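Step one of this worksheet: look at the structure below.
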Amino acid sequence: MGGPEESQYWDGVYEKVRLEAVRESLGARCFHPVYNPGGKYSHKEAIFGSWIASVEAKSALVVGGGVDKIGIALATRGCQVTSLDLSPKAGELTRRLAVLKGVSQRVRCACGEWERADLGQTYDLIVFHDSLHHMRFEPALAQIDRHLAATGVLLALEPICPLPLVRLLHRRLPFHPFPFVATERELDFADLRRIEIVFGKVECRYFDFLTRESLSVLLFRLGLRQGLARLGAMDAWLIRHIRGLRGFASYVTLRATRA
């Protein structure tokens, strides 16, 4: 995470968030299977959500969760949650959402840079959802090692760009339709190897060889969203069975535990 300038940037993003809309998204139409197992969501979100749901955690840390719907969902399942974000506005909205969902006693919000945080405890589960790639990787990894319990689980869903040429193309045709911020850097294979060295056991699933975020947004705007989930599943199957395609993936889910 960056300093004051990036904090102000994200505050500006979350100033536009309507809390009522966030609360409604935790209901029947929510995109994420953690909140709504029967909802419609992308294939990578389905995998990631099933991984989160499979962890029996008494304590969880969500890093860079913004208006932290994952943290709120974990709290509704009885988990004690710490939600850390660089944006004070995101923390304020998360606290208000926790009150609305009746879980304020199980949600602790903290504000600051993950790379410098000292939260005073370890956690059974640490979650990154589109946030780790905004941080300085080595300091962030050291902090995960410091805060993850001996039997804990690290889960992350992050953009990846393993090949330098593809990374250059991503800067011309971004992996998502939003502006890059200064600290943004997709993960690569070297980062995944570092995670494996630190924790010993890592499982990865790769996504979005065909169904890139930019394409998904375009198809959604054209009213052609119906086939996206099926295309995403086919996409993930291709990447899983043809290893050479992993270098062209746009997203990775990873699950790490200590060996």
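Measure up LYS89/LYS201; LYS69/LYS89; LYS44/LYS201; LYS101/LYS201; LYS69/LYS201 against 24 Å on the Cα-Cα distance and list the ones that go over. Write down the numbers at each step before the final one.
Working: LYS89/LYS201 36 Å; LYS69/LYS89 15 Å; LYS44/LYS201 20 Å; LYS101/LYS201 35 Å; LYS69/LYS201 27 Å.
Beyond 24 Å: LYS89/LYS201; LYS101/LYS201; LYS69/LYS201.
In terms of modelled amide H atoms, which long-range or inter-chain residues lie less than 5 Å from the amide H of ALA156?
Residues meeting the criterion, in which the H sits 1.01 Å from N, are PHE128, LEU254.
Where does each of 145-154, 201-210 land if you order them by average Cβ count within 10 Å, highest first? Mind dumping the intermediate values first?
Numbers: 145-154: 17.1, 201-210: 18.7.
Ranked from most to least packed, the peptides come out as 201-210, 145-154.
Residue by residue through the stretch 45-51, what is 3J(HN,Hα) from phi via Karplus (6.51 cos²θ - 1.76 cosθ + 1.60, θ = phi - 60°)? Round to whole Hz and write x for glycine and proline.
Per residue, the Karplus-derived 3J(HN,Hα) values read 5, 5, 5, 4, x, 5, 5 Hz.
Report, by chain and number, residues whose modeled amide H sits under 5 Å from the one on LEU148, excluding near sequence neighbours (fewer than 5 apart, same chain).
TYR123
Between CYS111 and MET234, 0.36 nm times their residue separation minus their Cα-Cα distance comes to what? Intermediate values should be presented prior to the final figure.
Values: separation 123, 0.36 × 123 = 44.28 nm, distance 3.93 nm.
The CYS111-MET234 span can extend by a further 40.3 nm.
Using θ = phi - 60° and the Karplus relation 6.51 cos²θ - 1.76 cosθ + 1.60, list the HN-Hα couplings for the stretch 244-250 in order, rounded to whole Hz, with x at every Gly or Pro.
Couplings: x, 7, 5, x, 9, 5, 9 Hz.
When you count, for each residue, the other Cβ atoms within 10 Å and take the mean per peptide, how do 133-142, 66-75 rank with the highest first?
Values: 133-142: 17.8, 66-75: 25.7.
Per-residue Cβ counts within 10 Å, averaged per peptide and sorted highest first, yield 66-75, 133-142.
Could you give the length gained by full extension between LEU165 and THR122, i.e. 0.36 nm per residue of separation minus their alpha carbon distance, to one decimal place?
On the way: separation 43, 0.36 × 43 = 15.48 nm, distance 3.87 nm.
In short, 11.6 nm is gained.
Taking the Cβ of SER54 as the center, what net charge do the other residues with Cβ under 13 Å away carry, scoring Lys and Arg +1 and Asp and Glu -1? Don't skip to the answer; put the middle values down first.
Details: positive: ARG77, ARG255; negative: GLU56, ASP124, GLU203.
Computed value for this residue: -1.
Quick one: which residues, 5 or more positions from THR82 or on another chain, have an amide H under 5 Å from its amide H? H modelled 1.01 Å from N in the peptide plane, none for Pro or chain starts.
So THR82 has HN proximity to ALA60, LEU61, VAL62, ARG108.
Between ALA149 and SER104, how many nm apart are label points set 7 Å from Cα along the C-beta direction?
Output for this residue pair reads 2.7 nm.
Every read-out reported here was derived from the displayed coordinates using simple, explicitly stated rules and does not represent laboratory data. Worth saying up front: this structure is predicted, and the values here are computed from it rather than measured. A quick note on method: Cβ atoms are made from the backbone with ideal geometry, for glycine too, and the neighbour counts reach across all protein chains shown.
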